[in-house]
Amino acid sequence: MDIAAWLRRLGLEQYQQAFRDNAIDGEVLPELTDADLQQLGILLGHRKRLLKAIAELGPPTDRSKPSTVEIKIQPGASEPVAERRQLTVMFVDLVGSTALASRLDPEDLREIIGAYHRCVADTVAHFGGFVAKYMGDGVLVYFGYPQARENAAEQAVRAGLAGVDAVRRLQQSEPLGVRVGIATGQVVVGDLITSGEGQERGVVGETPNLAARLQALAEPDAVVIGPQTRQLVGGLFEYRDLGAVQVKGFPEPIHAYQVTRESAVESRFEALHGATPTPLVGREEEVDLLQRYWHRAKSREGRVVLLSGEPGIGKSRLTVTLQERIQNEPHTPLRYFCSPHHQDSALHPTIAQLERAAGLERDDPPERKLDKLAALLAPALPEDGALLAELLSLPTEGRFPPLQLTPQRKKEKIFDALLRQLEDLARRGPVLMLFEDVHWIDPSSRELLDLVIERVPHLPVLLLLTFRPEFQPPWTGQAHVTALVLNRLDRREGAALVQRVVGTGELPTDVVAEIIERTDGVPLFVEELTKAVLEGGNARTVLSKLLRLR
């Protein structure tokens with residue numbers, strides 16, 4: 001059993017290292033108790049989720065067959081209750097399979113189809129996808145199943161782009177390509193469908209059909225998504241608008257988009273929520289505290305604030321508010337973003353920040369990029385230019401002398417160059433340094449952050465780090481470091497946020513109360529559920545349907 005893939009499907013990939021370090025495999029997994037999980041440092045809510053998922057795997061004797069455990073519902077198991085939920089569905093189809101079948105021997109074709117199926121399955125598993133069915137040369141995949149995930153649509157799109165690339169690189173006797181269609185919508189999951197020796201969950205709704213139709217619209221090696229998926233992934237990707245197209249089986253035209261690549265977006269928060277998010281509610285004390293620390297930092301009393309909170313609680317929104325409050329004050333903003341997709345990429349947040357600051361464009365020739373980097377770093381030492389150019393994977397031959405350094409020494413010198421850049425900026429004026437989503441930080445960035453935090457007290461710098469509760473920051477206890485935990489909104493604050501979203505309109509009092517109750521004080525959920533109710537017409541009817549989603 002692939003423990004890492006199983007944890008990703010549950011949305012608990014942050015515990016992969018703990019499971020590896022403690023040699024927990026498919027044989028040990030069913031024996032885990034709540035006390036064992038607590039000893040591993042797993043949060044209470046996550047322990048409950050893990051124990052429930054372990055119980056759903058079935059009896060220990062059945063776990064020798066991962067595919068059976070993970071996909072099938074064993075005969076004799078308690079019958080699941082059908083549930084209404086939102087699902088993102090991907091349909092992958094092999095390009096030119098009919099022509100392949102006419103040219104190849106059946107055994108050769110079987111080998112190619114098998115390699116293609118394995119490639120798609122491995123790729124989507126990496127992004128938390130669930131292979132529901134193989135249909136000849138087609139593959140049906142669910143995201144947000146069996147465990148609902150807030151970023152299911154994003155993961156599906158990333159899996160689609162990665163799948164196109166992975167299939168294209170397959171070493172087979174024939175070059176292969178795929179078309180990918182992705183749709184998001186409400187389905188009913190849970191009806192039992194007999195299938196051979198086992199039974200599988202049925203998914204009823206138009207979403208799988210739409211994914212298949214969108215796939216048919218795609219060009220070879222292209223990913224096409226529907227309007228709801230496009231809305232959910234926001235500015236995280238770049239798109240080609242295909243316009244409203246007539247889709248067989250759907251009465252109204254469907255607005256389709258081809259995803260071309262990941263965007264060079266600076267902030268995940270802004271990409272998903274737009275440039276003008278809902279005004280902040282219930283965080284006045286936190287904002288005041290950050291502003292006080294900013295004023296102290298301007299007086300060369302550098303401060304570090306560790307801002308923690310669960311997903312959707314408002315960490316990024318708070319940093320945006322601070323930036324808005326000081327935007328008219330002279331200062332240098334530095335923004336770094338850790339990513340779940342770059343945890344193994346050394347110094348990825350720093351590389352991305354340097355590329356943005358220098359204005360590097362994807363299509364710039366190398367010489368143009370070097371010119372822009374030199375302008376950003378001036379008047380840096382020539383060696384610093386060579387080091388940072390190499391960090392950005394820019395060719396330096398003829399521009400800088402070669403660096404004859406061991407890997408460890410090169411890393412140390414790169415750190416020194418980056419610290420000199422920070423100190424140089426701080427000499428010109430105060431610096432607001434934001435380091436977001438540190439729970440996804442790569443090891444090299446963690447080392448660099450240790451050095452930055454050590455220097456901050458002597459510089460006019462406010463360093464604000466955001467992260468989720470599972471991350472244990474090693475910097476607490478230092479005099480210049482403050483920990484700030486964001487809690488959930490109370491009922492009054494929740495009602496105020498609903499009204500901010502509604503604007504000049506009005507929702508029935510009982511609908512507002514139900515939204516507050518169901519969202520449990522998490523601002524993001526309050527906003528999203530309120531918007532869904534507003535967009536759906538009759539507030540009570542829409543809310544009734546939405547609350548049946550899981």
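The values are calculated or read from the model by the stated rules, or taken from the named source; none is laboratory data. Keep in mind that this is a model prediction, so the values were computed, not measured. All Cβ positions, even for glycine, are placed from backbone atoms using ideal geometry, and neighbour counts span all protein chains on display. With ligands, DNA and RNA removed, areas are computed over all heavy atoms of the protein, side chains included. Shrake-Rupley method; radii C 1.70, N 1.55, O 1.52, S 1.80 Å.
At a glance:
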read-out	value
The one condition in (1) farther than 19 Å from Glu310 by Cα; (2) open to solvent by 50 Å² or more (accessible area, probe 1.4 Å) that Glu13 fails to fulfil	(1)
Residues satisfying the stated conditions in segment 189-209, i.e. within 21 Å of Tyr257 (Cα to Cα) and either charged (D, E, K, R) or modelled with pLDDT of 95 or more (or both)	Glu206
Residues located in segment 252-299, provided they are in a helix (DSSP H, G or I), open to solvent by 30 Å² or more (accessible area, probe 1.4 Å), out of contact with any strand residue (DSSP E or B) (no Cβ under 8 Å at 6 or more places or on another chain) and modelled with pLDDT of 85 or more	Glu284, Glu285, Asp288, Gln291, Arg292, His295, Lys298
Cβ-Cβ under 6 Å pairs, at least 6 apart or on other chains, segment 469-488 side polar (S, T, N, Q), far side exposed (fewer than 15 other Cβ atoms within 10 Å of the Cβ)	Thr476/Ala483
Some residue of segment 173-180 being more than 19 Å from Pro220 (Cα to Cα), of a type outside the set (Val, Ile, Thr), outside any loop (DSSP other than H, G, I, E, B) and open to solvent by 10 Å² or more (accessible area, probe 1.4 Å)	no
Selected residue (only one of Ala125, Ala121 is within 21 Å of Arg8 (Cβ to Cβ), small (Gly, Ala, Ser), in a helix (DSSP H, G or I) and without any contact (Cβ under 8 Å) to a residue 60 or more places away in the chain)	Ala121
Residues satisfying the stated conditions in segment 158-172, i.e. of a type outside the set (D, E, K, R) and either out of contact with any helix residue (DSSP H, G or I) (no Cβ under 7 Å at 6 or more places or on another chain) or open to solvent by 50 Å² or more (accessible area, probe 1.4 Å) (or both)	Gly160, Leu161, Val164, Gln171, Gln172
Subset of segment 21-45 [at pLDDT below 80, surrounded by 11 or more Cβ atoms within 10 Å (Cβ to Cβ) and not in a loop (DSSP other than H, G, I, E, B)]	Asp34, Asp36, Gln38, Gln39
Some residue of segment 509-526 being at pLDDT 95 or above and over 28 Å from Pro379 (Cβ atoms)	no
Selection within segment 375-403 - in a helix (DSSP H, G or I) and buried (at least 18 other Cβ atoms within 10 Å of the Cβ)	Leu377, Asp384, Gly385, Ala386, Leu387, Leu388, Ala389, Leu391
Which numbered condition Leu306 fails, given (1) open to solvent by 20 Å² or more (accessible area, probe 1.4 Å); (2) modelled with pLDDT of 95 or more	(1)
Residue count, segment 1-10 (criterion: open to solvent by less than 50 Å² (accessible area, probe 1.4 Å), out of contact with any strand residue (DSSP E or B) (no Cβ under 9 Å at 6 or more places or on another chain) and of a type outside the set (Gly, Ala, Ser))	5
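The rows are residues; the columns are (1) touching a Lys or Arg at 6+ places or on another chain (Cβ under 7 Å); (2) open to solvent by less than 40 Å² (accessible area, probe 1.4 Å); (3) more than 29 Å from Leu44 (Cα to Cα).
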{"residue": "Arg455", "(1), (2), (3)": "no, no, yes"}
{"residue": "Pro469", "(1), (2), (3)": "no, no, no"}
{"residue": "Val502", "(1), (2), (3)": "no, yes, yes"}
{"residue": "Asp510", "(1), (2), (3)": "no, no, yes"}
{"residue": "Asp520", "(1), (2), (3)": "yes, no, no"}
